[in-house]
1. Would you point out which residue out of 105, 116 is open to solvent by less than 70 Å² (accessible area, probe 1.4 Å) and in contact with a Lys or Arg (Cβ under 9 Å, 6 or more places away or on another chain)?
2. Which of (1) touching a Ser or Thr at 6+ places or on another chain (Cβ under 7 Å); (2) over 24 Å from residue 118 (Cβ atoms); (3) crowded, with 17+ Cβ neighbours inside 10 Å does residue 17 not meet, given it meets every other one?
3. Check the stretch 131-139 and report whether any residue there is at pLDDT below 95 and within 23 Å of residue 69 (Cβ to Cβ).
4. Within the stretch 77-88, track down each residue that is open to solvent by 40 Å² or more (accessible area, probe 1.4 Å) and closer than 16 Å to residue 144 by Cβ.
5. Which of (1) within 18 Å of residue 181 (Cα to Cα); (2) open to solvent by 30 Å² or more (accessible area, probe 1.4 Å); (3) modelled with pLDDT of 95 or more; (4) touching a strand residue (DSSP E or B) at 6+ places or on another chain (Cβ under 8 Å) is the odd one out, the single condition residue 168 does not satisfy?
6. For the structure I just gave you, tell me whether residue 154 is free of Cβ contacts under 8 Å to residues at least 24 places away in the same chain and either in a helix (DSSP H, G or I) or open to solvent by less than 40 Å² (accessible area, probe 1.4 Å) (or both).
Amino acid sequence: MKKTLYMMRHGQTLFNVRKKIQGFCDAPLTELGIYQAKVAGDYFKKNGITFGAAYSSTSERACDTLERVTDMPYTRLKGLKEWNFGTFEGESEDLNPPLPYGDFFAGFGGEREMDFRARLVETMESIMSQEDHDAVLAVSHGAACAQFARHWEANSKIGPIKGLKNCCILKFEYENGHFTLVDLMNHDFAKA
């Protein structure tokens, strides 16, 4: 039986505006971030999309986003947290190496890329393998959404992804232990 996962990035934060690296560290949503989350919630309502379960990263920016998208109860999971960037946390994005990052941050107390990706895949598989989870909302982070989608890129119906905006929504179908990316809503809310 096919199930549906809606994986969503959190709304814009103060660190996004200030161009600061935020992985495990956190920053509050901006007014635009709050607006983005409300618009995402309206998208789900207008399209008759309901969820059997909802999950969020333990980061405040993800929880605050989810709480503006839906008022249903949800579970916070550390497995949905952003990449740990080690001592680069809170520093200027100008210090980021060129993409792909690979294991760069592991040398500074952060996570190795494939360890980060494996954490996300394991968390999502655990969520979606539950019997009563036919449609699930999971609010996470930009690199987390991108790494999860890259893991399943061979199954993607929309091709490679890049440039995931705040509150973008990735729609995956889940069947027989495999995820297929079937849609991406990546609206530029800054121009709304």
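The values are calculated or read from the model by the stated rules, or taken from the named source; none is laboratory data. For clarity, every value in this text was computed on a predicted model and none was experimentally measured. Note that each Cβ is placed from the backbone with ideal geometry, even for glycine, and that neighbours are counted across all protein chains shown. These accessible areas exclude ligands, DNA and RNA; they are computed on the full protein's heavy atoms, side chains included. Shrake-Rupley method; radii C 1.70, N 1.55, O 1.52, S 1.80 Å.
1. Values: 116 fails: in contact with a Lys or Arg (Cβ under 9 Å, 6 or more places away or on another chain).
Of the residues listed, the single one that is open to solvent by less than 70 Å² (accessible area, probe 1.4 Å) and in contact with a Lys or Arg (Cβ under 9 Å, 6 or more places away or on another chain) is 105.
2. So residue 17 meets the others, but not (3).
3. Here is the first cut: in the stretch 131-139, the residues at pLDDT below 95 are 131-132.
From the residues that got through so far, the ones that are within 23 Å of residue 69 (Cβ to Cβ) too are 132.
Yes, the stretch 131-139 contains at least one residue that is at pLDDT below 95 and within 23 Å of residue 69 (Cβ to Cβ).
4. Taking the stretch 77-88 and keeping what is open to solvent by 40 Å² or more (accessible area, probe 1.4 Å), we get 77-78, 87.
77, 78 - these are the residues of the stretch 77-88 that are open to solvent by 40 Å² or more (accessible area, probe 1.4 Å) and closer than 16 Å to residue 144 by Cβ.
5. With (1) within 18 Å of residue 181 (Cα to Cα); (2) open to solvent by 30 Å² or more (accessible area, probe 1.4 Å); (3) modelled with pLDDT of 95 or more; (4) touching a strand residue (DSSP E or B) at 6+ places or on another chain (Cβ under 8 Å) applied to residue 168, the lone miss is (2).
6. yes
For every residue, the table says whether it meets (1) within 18 Å of residue 57 (Cα to Cα); (2) open to solvent by 70 Å² or more (accessible area, probe 1.4 Å); (3) of a type in the set (D, E, K, R).
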site: 75; (1), (2), (3): yes, no, no
site: 96; (1), (2), (3): no, no, no
site: 112; (1), (2), (3): no, yes, yes
site: 126; (1), (2), (3): yes, no, no
site: 132; (1), (2), (3): no, yes, yes
site: 136; (1), (2), (3): yes, no, no
site: 186; (1), (2), (3): no, no, no
